[in-house]
Amino acid sequence: MALEISQIITSLFFGFIEGSLYGLLGVGLSLALGVMKIVNLAHGPLAVLGAYMLFFLIYSLGISVPLSFLLSLAILATIGLIIYWGLINRIVTNEPSTLIVTYGLEIIIGNMLLSIFTGATRTVDLKLGSLNLGYFSVGLNRILALLIALASILAIDFMSKKTFFGIAMRATADDKDAAELMGIDTTKVYALSYSICALLACLFGLCYITTHSITPLIGGLFTLKAFVVAVLCGGNLILALAIGLLLGLSEILLTSFLIPSPYQNSVAFVILLVALTTLRRKRR
Amino acid sequence: MRTTFLDPELVTSITIIIISALIPAIQNTWLTSAFLFFMLLTIMGHSWNLFSGLTRIISFGHGAFFGLGAYATFIVVRDLSQPFPFSFILSLIMASAICGSAAFLLSYPFLALRGLSFAICTLAFTEFLAIVFANTQIIERGHEVAFIQPQTDIIANYYLTLLILFLVTMVFWRVKHSKLGLALIAIGENEAAAESLGVDVFSSIRSSYVISAICMGLVGALYPYILLSATVETLFGIERSLIPLVVGLLGGPGSIAGSFMGALVFQILAEALRTTLGYLHLVVLGSLVILIHLLEPSGIFGIVSKLVKKTK
Amino acid sequence: MKKKNVVIVAVIIVAVILCSIGVYYLHLRPTPMEKTEIVLGLPAHLTGSYAYEGTVSAYGTMLAVDDINAKGGIYVREYGRKMPLKLIVEDDASDAEKTKLIMEKLITVDKVDFIMAPGGSTWALAGVPISEKYKKICIGFGGSDEALFTSGYKYYFAFCIANGLFSGTYYVGIIGFLAHYKEWLPEGAPPPLTVAIVSMNNAYGRCAANIMEKFIKEHGVQKVVLKELYDPKITDFTPIITKIRVAQPDAVIMCGYAAQNTNFFRQVNEMKVKEVKIWSPSCWFPEYFLALGYDGLQYFFDQQYWINYASSEARDTLQRAKAKWGYDYTLGYFAWGYDGPYVLAQAIERAGSLDSDKVREALLTGTYRSLTYGDIRFDEHGWPIVEKFEEKVPIRQVVGHSQVIVWPPHLAQAKPVYPPPWEKKYGP
């Protein structure tokens, strides 16, 4: 009986952490969807790019870990800006166009990473040690990832509600023309928003590579999972976290105790299908 | 609404079909194979364009119908062990039946949604089907790959595909120039306005979705005869849904000749790039896709049309 | 649109198509008057999802061709002279459709004499029907799926499996090690009597799991207490590890590709699972050491299916690879890729001809030296037969900062550290 409880606690704990990462993943995409109304198929690949950036900075250039983190974030944010000004800016009003362009980006980023880093799985070992919690121990890198994820989501939520830029973002999201009439430079809002999306994607990539391992072409899977969260949360970032947690917890709990392990990934899609078809809230 | 046979889209399409018919005469199996895949891709582009190109309701999940069509062929060839040519006809019929009814049933919950919700729904459905097929092993039956023995040779495959391409092209053309097509284009431009003018929105898009699904199912049914092997990843993978989308959009959304254009880039040009560029060919392809699209959002056919207009 | 413009549009389209076709014709080679070289084709995965395995294997093939050419080539009795090898490499971007295109191109346009087998079952299944159609010998890495060997393919020979074990090839070594525990168990240590099998839920994984179970039953020493199949796409193994902690097996054999293994063992370390004494993936990948470090992999076991890797010939070959490309790893893919040209060359010399049927006859009737397995002969299905394979697979354990071979006895460098002192690794 004691072991049963420890099983549940272990699953809850790890599920919570996985879920918070999913939430972070979804928040970034939700921002792009909500503010710019674009389907950013490059979201996952940008996360992978950020992860490889960290790997490169730490292992190939020998830069210290905290500095590598900051540099990766800065570089990805800049790349986000460049992508925006170079590409997205021209087609932001046309939904199908963003699909093609971001799909092209997905191919480019994935294959460039593949030719530079080869297909070997990579990971970053922070060597932080672990925390013993009685029935099980958890790596401190996982705790760090959890903290980063939660802090990021809360920070973005705070920013969108309490700062001027956040309000400008939401105004542009609600009604672009009205926002412009109110004097908001919507192009700047879009540019910065995309940059923040890239930043959030990068944060997920950093959390992921320090707790799991990656290959260059895994971006598509990330984008898919991000969609599940982003679509269901409807712009509410705290709800995004909740849905991410639900996803992470249900995946682990259900596979531990109910459905056989191979179906672990289908949980996300079943939730999505059921929610989208029954909730019937008119979205964009 | 011009339905004369001098419609530029139709002329372009028929020209390409005639050229394709002559390719095997060059006696180069590599070229023939490349064109074979080009034709398959065009049919996929047509089926996506039929629905999403005209109505502007973007579907991310056409791969589901492709996979179901391929499944139909596997049933016919493996379980029912029918001999060739009968098996081929049977698989086409079965694929149409399965995909048509699936689309019909799905249209009730899905087609009430629009925009991103619809797209994600189709995507989630395809992914879910993929997981179910992968785990129940209906197609692969315990092997890493599902396979069938060759039923036909490459020339037979080529002309069968050409035939299907011709049929689907004509279907697309007829739909586009019919009352249904008019309704779909109207819905694509402004759904509310179309509805207010008396268009039965749901019935129109459902018809289009079903026809589109059947076309995709036909390609799916062709696939095992040509490739002889398939995995759940190749049948239901997201590439299978995204590439027809890119082909359709790149070539020209809603345009019949557009699918040909897009498939030309993605198959013929891609192969030429691969053999000449080596390592980074995919990066170049991705960049080309972006460039072409930024240059002219209405697709390659749009570029060509504009060029021609300038020469007037 | 006026009729004239319609015609212009059609002309533009035709021009573009003809240009594209023209590119294809740039690649047509004229048939030389006199045959002076043996042409080999290699459909490789240099990009795409299988790029890592594909590139490593391609290195092996390229090195073998270089080694053979360094000796002047292969002596072909039919032509009365030594002929060098010419290798044509094409990238299929890990797309089975492109594999088919490439096979057609290599055989009909580049006119290769022999073709290297595409690596991986998906691609082999796509490509082999084509080489069979043209009656070209298809030899090399190949795929492990049963279908490749039971479909009556005459010209297909693959090194990636041995003795008809399919994907079980990579896991039977550890079974042999466990079954013979009496020969390596230290004094007073509890014997490993229970085993858990964790495998992927795809054909590869299920086949491996079934063969493992079969071998365990046949030896009759250990008992399988847990058999778990997981979706290859998952990244979190908490549910499975929890089940392991409940079942408390002495040994856990993990079947998965590099990514799954990395994640799995990372979580095992994280969760400090002390109940299990023997942890084993199929084979060490270099990235495990980068990811988990020697500390993380401390006391874990592995089985090296490149069973000949410790020999001097293997060491020399790897040194040459390192000199050429900086490639330094004892991965099976490299050896399988190397054996394609290497064994083929021996067969051509034996047959004295480049004719496919004669070379096939030679392959099926001779014994050959392979880099992967040492001395082999071929089964008519197309796989190599290695005598007493299970007893030749080196089992290694990570102790300190090295991998120590602990089995079989004639290769062993030391006895295994058993049971592993987990307190030393994980703390109290």
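Note on chain A: with charges restricted to the Cβ of Lys and Arg (+1) and Asp and Glu (-1), its dipole about the Cα centre is near 280 debye. Across the options B:Phe110, B:Phe202, B:Tyr223, the greatest Cα extent toward the positive end of the charge dipole of chain B (unit charges at beta carbon of Lys, Arg, Asp, Glu) belongs to B:Phe202.
How about region B:116-154: which GluC sites (Glu not before Pro) there are in a DSSP loop, with at most 13 other Cβ atoms within 10 Å of their Cβ? Qualifying residues, ordered by number: none. 3J(HN,Hα) along region B:110-117, derived from phi through the Karplus expression 6.51 cos²θ - 1.76 cosθ + 1.60 where θ = phi - 60°, amounts to 7, 6, 7, 9, 9, x, 5, 4 Hz, with x in place of Gly and Pro.
For the residues C:Pro186, C:Pro281, C:Pro408, a GNM of chain C with alpha-carbon springs under 10 Å puts the largest fluctuation on C:Pro186.
Within a 10 angstrom radius of the beta carbon, how do B:Ser287, C:Ser94 rank from fewest other beta carbons to most?
Details: B:Ser287 15, C:Ser94 25.
Final ranking by Cβ density, sparse to dense: B:Ser287, C:Ser94.
Placing unit charges on the Cβ atoms only, positive for Lys and Arg and negative for Asp and Glu, gives chain C a dipole magnitude near 640 debye about its Cα centre. Relative to the dominant Cα principal axis of chain C, helix C:121-133 is inclined by about 40°. Only Cα pairs under 8 Å and 6+ residues apart enter the sum, and on that basis the relative contact order of chain C stands at 17 percent.
Mind putting a number on the dipole of the protein assembly as shown about its Cα centre? Charges go on the C-beta only, +1 for Lys and Arg and -1 for Asp and Glu, and I need it in Debye to the nearest 20. Don't skip to the answer; put the middle values down first.
Values: 77 positive and 72 negative charges, 338 e Å.
Using Cβ point charges on Lys, Arg, Asp and Glu, the protein assembly as shown gives about 1620 debye.
Across chain C, the volume of the C-alpha convex hull divided among the residues equals 172 Å³ per residue. Computed over chain A, the P(r) curve from all C-alpha pair distances, binned at 10 Å from the origin, holds 7, 28, 35, 22, 7, 1, 0 percent per bin.
Using only alpha-carbon positions in region C:278-406, the gyration tensor eigenvalues give semi-axes of 33, 17, 11 Å once each is multiplied by 5 and square-rooted (largest first). In terms of other Cβ atoms within 10 Å, C:His410, C:His381, C:His45, B:His281 run from fewest to most in the order C:His410, C:His381, B:His281, C:His45. In chain B, a dipole from Cβ-located charges (positive for Lys and Arg, negative for Asp and Glu) runs towards its positive end, and of B:Met94, B:Ile211, B:Ser20 it is B:Ser20 whose Cα lies farthest in that direction.
Sorted ascending by nearby beta carbons within 10 Å, beginning with the fewest, C:Asp231, A:Asp157 become A:Asp157, C:Asp231. When both region B:53-115 and region C:397-411 are represented by their alpha-carbon centers, they are found 55 Å apart.
Relative contact order of chain A: what whole-number percent is it, with Cα pairs under 8 angstrom and at least 6 residues apart? Reported relative contact order: 41 percent.
Applying both filters, DSSP loop and at most 14 other Cβ atoms within 10 Å, to the GluC sites (Glu not before Pro) of region C:254-345 gives C:Glu275. Please list, by residue number, every one of the GluC sites (Glu not before Pro) in region C:119-213 that is coil in DSSP and has at most 12 other beta-carbon atoms within 10 Å. Qualifying residues, ordered by number: C:Glu187. Which one of C:Ala15, C:Ala345, C:Ala126 has the biggest mean-square fluctuation once chain C is modelled by GNM with Cα springs under 10 Å? Highest fluctuation of the listed residues: C:Ala15. Backbone geometry of region C:265-278 corresponds, through the Karplus equation with coefficients 6.51, -1.76 and 1.60 at θ = phi - 60°, to 3J(HN,Hα) couplings of 6, 4, 5, 4, 5, 4, 8, 6, 6, 9, 5, 8, 9, 10 Hz, x marking Gly and Pro.
Computed from Cα atoms, the angle from the helix A:43-55 axis to the main principal axis of chain A rounds to 60 degrees. Computed over all pairs of different Cα atoms, the Kirkwood value for the hydrodynamic radius of the protein assembly as shown is 30.0 Å. Here is how the number arises for the protein assembly as shown: DSSP H runs of 4 or more residues each give -39500 (n - 2.57), the sum is divided by the residue count, and the result at 222 nm is -19500 deg cm²/dmol. Between the helical axis of A:186-211 and the longest alpha-carbon principal axis of chain A there is an angle of about 10 degrees. Over the Cα atoms of region B:35-157, each weighted equally, I'd like the Debye log10 I(q)/I(0) at q = 0.13, 0.14, 0.18, 0.20 Å⁻¹, rounded to two decimals. Debye output, listed in q order: -0.62, -0.71, -1.11, -1.27.
Coordinate-derived values only; no laboratory data. Bear in mind the structure is a predicted one, so any value in this text is a computation, not a measurement. Reconstructed Cβ throughout: ideal geometry from the backbone, glycine too, with neighbour counts over all protein chains shown.
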